[in-house]
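What follows draws every value from the coordinates through simple rules; no lab data is involved. Since the model is a prediction, treat every value here as computed from it, not as a measurement. Heads up, the Cβs are rebuilt from the backbone with ideal geometry, glycines too, and the neighbour counts pull from every protein chain shown.
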Amino acid sequence: MTERPLRELSTPPDAQEQGGDEVLRAFVVDGGLSIAIQRAFDDPATWGRLLMEVARYVAGLYGRESDISEEDALSEILRQFEIEAANRDSGSGAIN
């Protein structure tokens, strides 16, 4: 087995300055998703808002760093989210 270095993101500047609570950490390990998470919110709907905000950030990243527009990237993210939500047997953590 080849060992790969652990590549971590840095803490966002505003969290560095003001503090905060880390609520989600995600890694891709051997093609699968490995996460650490804490509940953090009283209302589960807040997670929906958080996940949508993450989707917008990811779409923006594609818009800036690839030939896929931000709008197309967000559309594909939402399309796949609906597919995954409909497949309740999913949850293997596999990332293809």
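Local charge sum around E76 (other residues, Cβ-Cβ under 12 Å, Lys/Arg +1, Asp/Glu -1)? Kindly include the intermediate steps, with their values, before the conclusion.
Numbers: positive: R79; negative: E70, E71, D72, E82.
Taking every Cβ under 12 Å from that of E76, the sum is -3.
Counting only GluC sites (Glu not before Pro) that DSSP places in a loop and that have at most 10 other Cβ atoms within 10 Å, the longest clean stretch of the chain runs over 9-96.
In the distance distribution for region 14-86, Cα-Cα pairs more than 20 Å apart total 47 percent. Using 0.36 nm per residue and subtracting the Cα-Cα separation, the extra length available between A26 and D89 on full extension is 20.6 nm.
Computed from backbone phi with θ = phi - 60° and the Karplus coefficients 6.51, -1.76 and 1.60, the 3J(HN,Hα) list for region 31-41 is x, x, 8, 10, 10, 10, 8, 10, 4, 6, 10 Hz; x is used for glycine and proline.
For region 1-50, what value does the Rg/Rh ratio take when both radii are computed over Cα atoms and Rh is the Kirkwood radius, given to two decimals?
Values: Rg = 14.2 Å, Rh = 13.5 Å.
Expressed as Rg/Rh, it is 1.06.
Stretch R7-A40 to full length: gain in nm at 0.36 nm per residue minus the Cα-Cα span? Let's see the in-between values first.
Numbers: separation 33, 0.36 × 33 = 11.88 nm, distance 2.49 nm.
Contour length minus the Cα-Cα distance gives 9.4 nm.
Exposed loop sites were defined as trypsin sites (Lys or Arg not before Pro) in DSSP loop states (anything but H, G, I, E or B) carrying at most 12 other C-beta atoms within 10 Å; in the chain the longest segment without such a site runs 40-87.
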